[in-house]
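Read the structure below first, then the notes.
The values are calculated or read from the model by the stated rules, or taken from the named source; none is laboratory data. All values derive from a computational prediction rather than experimental measurement. Cβ sites come from the backbone with ideal geometry, for glycine too, and all protein chains shown count toward neighbours.
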Amino acid sequence: MRGPNLTIAGSTRYNGSSDLLTVTSAYVTQTDVLLPSLTVRETLLYAASLRLPPSTTSQQRSQLVEEIILELGLKECAGTRVGDGFKKGGCSGGERRRVSIGVQMLGNPSILFLDEPTTGLDATSAFHLVKTLKHLANTGRAVITTIHQPRSDIFFLFDRLTLLSRGDVAYTGATSGCLSWFDGLLPGGLRPHVNPADYLIDIVAVDNRTKEAEDESQLKVNRLLVAWSEESKSHFGREDTTLEKSRVTSERTKRTKQSAPFLRQVQVLTSRTLLTTIRDPFGLVGSWSQAIFMGLIFGLMFYRIPNNLAGVRSTQAAIYLLVFGHSYLFILFEIYRLTRVDIKLFDRERGENLVTSAAWIVSRRIAHGILEDFIVPFLFCFIFSYLAGFRGNIGIFLATTVLGHYAVVTFALLCVAFLRNFSLASVMANLFATVQAYASGFFVQASSIPIYVQWMKYVSYLVS
Amino acid sequence: MAVPGTTVGERIEKVDLREEGSFSHEVAGMEWHILDDHQQNLSFSDVHPVDIAVRNLGVEVDVATPFADALKAKFTRLKVGDVEGGEKGGVQRKKILKDVSADFPAGTLTAIIGGSGSGKVRVRSAREIRSHILLFPPTDDPPQCSRSSHAGTKPYHRRKHTI
């Protein structure tokens, strides 16, 4: 098998099938990607609406969510906002991790992969989390987790252990047999009062600080690896193990990763975006107050532009600000909001085949269309033009500001689509916005721009 | 009836769609087969047991040698990296996993431990080959860039920020 930049040899069989999609599996990433303004229960309910088929009633879904809340010990914080770990009032790190696991559990996976679930948690939360995992395993799932520094009582919660050293296996099998295996190779190696997990990681670690130390430690490690390699042959020598055969006859059929119909995705995502926009300080409150504030500042700066020759220059500058002042700020505002958590959540859900790009974009525009896309430019435009005393058709001003607003929010999305990171995306947005502003004709008469760059006025979203 | 060795496409046809309570919906020209496991029993206590058997699994990844390093290696004849396969066009192969055999039976909690860079996770790959990855479904994080103090003895992973 050969991927774009990956070559894989050997086999991985899930109940005898080599395709992971024939079984349900879920993967919990190392970092939590959750919307901070939703409560734990809401997070799980929205995830359930996306994950479970539309035929399920909302009653059934909420029943399942309650079951998961109980199972994962989230009862105390079910009504608490998830939070982002910085502000007060949100869930603790351990609770957020369990919410992430809960979201994945909604698919009722037979296999649960976790990537360092205890990273960043204190010893007690880590212990409770692994106990939760143990409980999930006891219900019949295969739970596989990588872990960095398990404390000793966590270590003994694991049923099985796979110890890796630079891509080689040093041990795999029951945790109970692990220490005696290494004691046979390195008698007396594990001193009392040493965490066995630390000891195991130590003995297979290669010290690569200096060349000499590296060679020496590599030799030691190689001894262990060779010993296991021999042992491994007797364990896994035959291609067909009894373990595989025992499950092959299972009656289950293929279950693909599912995605809800388009309209349902739009419906769920719109409802979720509406809720988070209203609650998020960078949503409704942020965008409205920004528009009012900017309108006031600009309006007072250009208060009652005099109706004479001197006023013409001011009027031109004011009109430039009307179309560009608000929209320029809003590009950065939108990019910030997108890169904070929205696009990460989209990436995760799209990766899990739960939402499509089209549904996500449509739902975002519907939700923001109701709450922001018209109201925000209207607020700004009304305040500014009233204070500045623009004459003429207010409808034209309004339409221009709304169109400018739409141009920038979609442009911000384009930048984020290219570059997921805030600093890079904002550089890209700045670059294009600046070029467009200069080509707009407010600074240079479009007709006097040299012929070879005159086309720029056609790519500018504001042309005077 | 899932018979090992049958292809995915064959298996879809064998599913009795109505009985399983499934949905198929046309989304942007793609057909999604939605089979429901929860319809009969909306409880997640009913788990279909799955055993995982990994046999002789080896994973190699292409690592792009940074241009500057490749150039330096050319002139100073330094060894560019502890990688197999030699250097061809600035791309080298690094073994992430070598001959791993392990069982992960249903109903057990398994830990994979090891020092940094031992191959625990971070086999990052395109989503389409997700199904072949074993212990390590691909993550969206870039692979760890580990560079030892030895100039040029470790390969440098190509980073990608977008999926």
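Key figures for this structure:
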| read-out | value |
| --- | --- |
| Every residue from segment A:161-198 that is on the phi > 0 side of the Ramachandran plot and either touching a His at 6+ places or on another chain (Cβ under 8 Å) or surrounded by fewer than 13 Cβ atoms within 10 Å (Cβ to Cβ) (or both) | A:Gly173, A:Gly188, A:His193 |
| Segment A:325-361, subset in a helix (DSSP H, G or I), among the aliphatic types (A, V, I, L, M) and within 19 Å of the chain's Cα centre (by Cα), residue surrounded by the fewest Cβ atoms within 10 Å (Cβ to Cβ) | A:Ala358 |
| Filter result (within 11 Å of another protein chain (Cβ to nearest Cβ) and over 23 Å from A:Tyr14 (Cβ atoms)) within segment A:144-170 | A:His148, A:Gln149, A:Pro150, A:Ile154, A:Phe155, A:Phe156, A:Leu157, A:Ser165, A:Arg166, A:Asp168, A:Ala170 |
| Condition broken by A:Cys381, with the remaining ones in (1) in contact with a Leu (Cβ under 6 Å, 6 or more places away or on another chain); (2) hydrophobic (A, V, I, L, M, F, W, C); (3) assigned to a loop (DSSP other than H, G, I, E, B) satisfied | (3) |
| Residue match in segment A:90-98 (condition: assigned by TED's automatic domain parsing to the domain that holds A:Leu38, part of a helix (DSSP H, G or I), closer than 30 Å to B:Asp51 by Cα and modelled with pLDDT under 85) | no |
| Lone unmet requirement of (1) without any contact (Cβ under 8 Å) to a residue 40 or more places away in the chain; (2) more than 7 Å from chain B (Cβ to nearest Cβ); (3) not basic (Lys, Arg) for A:Leu133 | (2) |
| Single unsatisfied condition, A:Ile396 versus (1) in contact (Cβ under 8 Å) with a residue 12 or more places away in the chain; (2) under 30 Å from A:Asn307 (Cβ atoms); (3) out of contact with any Phe, Trp or Tyr (no Cβ under 9 Å at 6 or more places or on another chain) | (1) |
| Condition check for A:Asp342: acidic (Asp, Glu) and touching a Leu at 6+ places or on another chain (Cβ under 9 Å) | yes |
| Unmet criterion (only one of (1) surrounded by fewer than 20 Cβ atoms within 10 Å (Cβ to Cβ); (2) of a type in the set (Val, Ile, Thr); (3) closer than 29 Å to A:Phe86 by Cα) for A:Val28 | (1) |
| Test: residue in segment A:145-153 that is surrounded by 22 or more Cβ atoms within 10 Å (Cβ to Cβ) and either farther than 22 Å from A:Leu112 by Cα or out of contact with any helix residue (DSSP H, G or I) (no Cβ under 8 Å at 6 or more places or on another chain) (or both) | yes |
